[in-house]
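S.K.: This is the structure I want to talk about, given as structure tokens.
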Amino acid sequence: MKKKTRIVLEVLSVVLILGVLLLAFRFNQEFKIQHEDMPKEEIPKLKIMDLESKTRPIAVMINNLGPARNYHSGLQEAYLIYEMIVEGGITRLMAVYKDVDVSKIGSIRSARPYYLDYVLENDALFVHWGYSEQALSDIRLLGISNLDGYYYEKSYFWRDKSLPIASEHRGFTNIENINKGIEALNYRKTSQSKPLLNYSVEPVALDQNEKALSAREIDIGYSKSVTTHYSYDEETKMYKRSVNQQPHTDYVSKNQYVFKNIITYQVPNENISGDVKGRQILKNIGKGEGYYISEGYAIPIQWEKRTRESKTIYRLLNGEELKVNDGNTFIQVQPTGEVLSIT
């Protein structure tokens, strides 16, 4: 009798276990079906760049002399642009591109040594047309991957002979040609480096900062020859760029250049001793204060660049890392003592 009871109990136990397993299976199937039908929440992505992309950035040296500025092409597609002083009170730009296809970029001009510091902080390939002696020495010393129109004019660069300006201002290239040069010279195509700036998907509320200033009109002086101006467009929430009171426009599209973010700060500069052309030294390794400007407001910030290779770090005055709005950025490294007006 006891044996029969034990057998019955064992059978009931097996049946109970099977029943539990069956219920669990059915619940799991119903759960999967319900969740497969639900819309999946998408992770917000930046418009200015794909953070998952490992494509190596491309930094292009841009001629900003007055006659050449009228024929600037392809700058709107850059996600980051720098402006710094060079000899004679003029400036040059360096436009940085990533994962874009631009059919005409330029005009392209020669390298200066301190621009290499910003090539390095972006882990970029450097595109230029010629060099100063110090820049050439530093390119070799620092191992900068570069593509020089002086050597590759007929391969990856061209001169636009239709332009009514001097030959040295007619140099152009495009992303397709640059990529051909990268392939031919076996340069590294990928980068593990993080973006220079900390972009925010959500709008950055600068007006909530207790030190925020209204920033509708901005003047950034470089010398008696060059003043950069930005005017805020309330409708587009972008800044329209002008130079010396003239709209800064793209020669191909005919549109005025616009930017979401402006970062401006000042560093000392001086002539290189014995340089008859007056080429400059920029004392840009160090730290100081400046402004971050976006969506109609400016806030004071701190900047720090510890070495030529290291990224410039931008922080709020309380030490927190600066967050910038999703969009293209112009970094204005201005000579100390020049006019900065934010109204």
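Only the coordinates and a few stated rules stand behind these numbers; no lab work does. Being a predicted model, the structure only gives us computed values, none of them experimental. In this analysis, Cβ positions are derived from the backbone assuming ideal geometry, glycine residues included, and neighbour counts consider all displayed protein chains.
S.K.: Below 8 Å, C-alpha to C-alpha, sequence gap of six or more: please give me the relative contact order for the chain in percent.
M.R.: 19
S.K.: Want the number for LYS45 to ASP207: 0.36 nm per residue separation, take away the alpha-carbon distance, what's left? Please report the intermediate quantities before stating the final value.
M.R.: On the way: separation 162, 0.36 × 162 = 58.32 nm, distance 2.40 nm.
Length difference between fully extended and current span is 55.9 nm.
S.K.: Another question, if that's okay. With contacts defined as alpha carbon pairs under 8 Å and 6 or more residues apart, what's the relative contact order of segment 199-343 in percent?
M.R.: 32
S.K.: Further question: Build a GNM of the chain with springs between Cα atoms under 10 Å: which of GLY327, GLY74, GLY89 gets the top mean-square fluctuation?
M.R.: GLY89
S.K.: Could you tell me what fraction of 2.2 N^0.38 Å the Cα radius of gyration of the chain comes to, as a two-decimal ratio? It would help to have the intermediate numbers written out before the result.
M.R.: Values: Rg = 27.8 Å, N = 343, 2.2 N^0.38 = 20.2 Å.
Computed over Cα atoms of the chain, the ratio equals 1.37.
S.K.: Restricting the count to DSSP beta bridges whose residues both fall in the chain, what percent are antiparallel, rounded to a multiple of 5?
M.R.: Working: 62 of 83 bridges.
Once the DSSP bridges in the chain are tallied, antiparallel ones form about 75 percent.
S.K.: Shifting gears a bit: What does the charge add up to near LEU213, with Lys and Arg as +1, Asp and Glu as -1, over the other residues with Cβ less than 15 Å from its Cβ? Before the final figure, lay out each step's value.
M.R.: On the way: positive: LYS211, ARG216; negative: ASP207, GLU210, GLU217, ASP219, GLU289, GLU295.
Local net charge: -4.
S.K.: Further, regarding this structure: So for segment 159-249, considering every pair of alpha-carbon atoms, how many percent are separated by more than 22 Å?
M.R.: Working: 2591 of 4095 pairs.
Pairs farther apart than 22 Å: 63 percent.
S.K.: To continue, here is another question. Within segment 259-343, how many Lys pairs sit with Cα atoms under 26 Å apart, leaving out pairs fewer than 8 places apart on the same chain?
M.R.: The number of close lysine pairs in segment 259-343 is 12.
S.K.: Something else now. Can you give me the convex hull volume of the Cα atoms of segment 198-340, divided per residue and expressed in Å³? Display every interim value, and only then the final one.
M.R.: Values: hull volume 21.1 nm³, N = 143.
Considering the Cα atoms of segment 198-340, their hull volume per residue is 148 Å³.
S.K.: Please give me, ordered by residue number, the GluC sites (Glu not before Pro) of segment 157-247 that lie in loop per DSSP and have at most 11 other Cβ atoms within 10 Å. Display every interim value, and only then the final one.
M.R.: Working: sites: GLU168, GLU176, GLU183, GLU210, GLU217, GLU234, GLU235; in loops: GLU210, GLU234, GLU235.
Filter output for segment 157-247: GLU210, GLU234, GLU235.
S.K.: Here is a further query. Work through the residues other than LEU197 whose Cβ is under 13 Å from its Cβ and net out their charges, Lys, Arg +1 and Asp, Glu -1.
M.R.: On the way: positive: LYS98, LYS194, LYS260, LYS311, ARG315, LYS323; negative: GLU121, GLU321, ASP326.
Taking every other residue near LEU197 into account, the sum is +3.
S.K.: Which one of GLN76, ILE175, SER162 has its Cα pushed farthest toward the positive end of the charge dipole of segment 55-206, where Lys and Arg give +1 and Asp and Glu give -1 at the Cβ?
M.R.: SER162
S.K.: What is the sum of charges around GLN256, taking Lys and Arg as +1, Asp and Glu as -1, for the other residues whose C-beta is under 13 Å from the C-beta of GLN256? Display every interim value, and only then the final one.
M.R.: Working: positive: ARG69, LYS240, ARG241, LYS254; negative: ASP233, ASP250.
Neighbourhood net charge equals +2.
S.K.: With Kirkwood's inverse mean 1/r over C-alpha pairs for Rh, give me the Rg to Rh ratio of segment 86-171, two decimals please.
M.R.: On the way: Rg = 13.2 Å, Rh = 13.9 Å.
That ratio equals 0.95.
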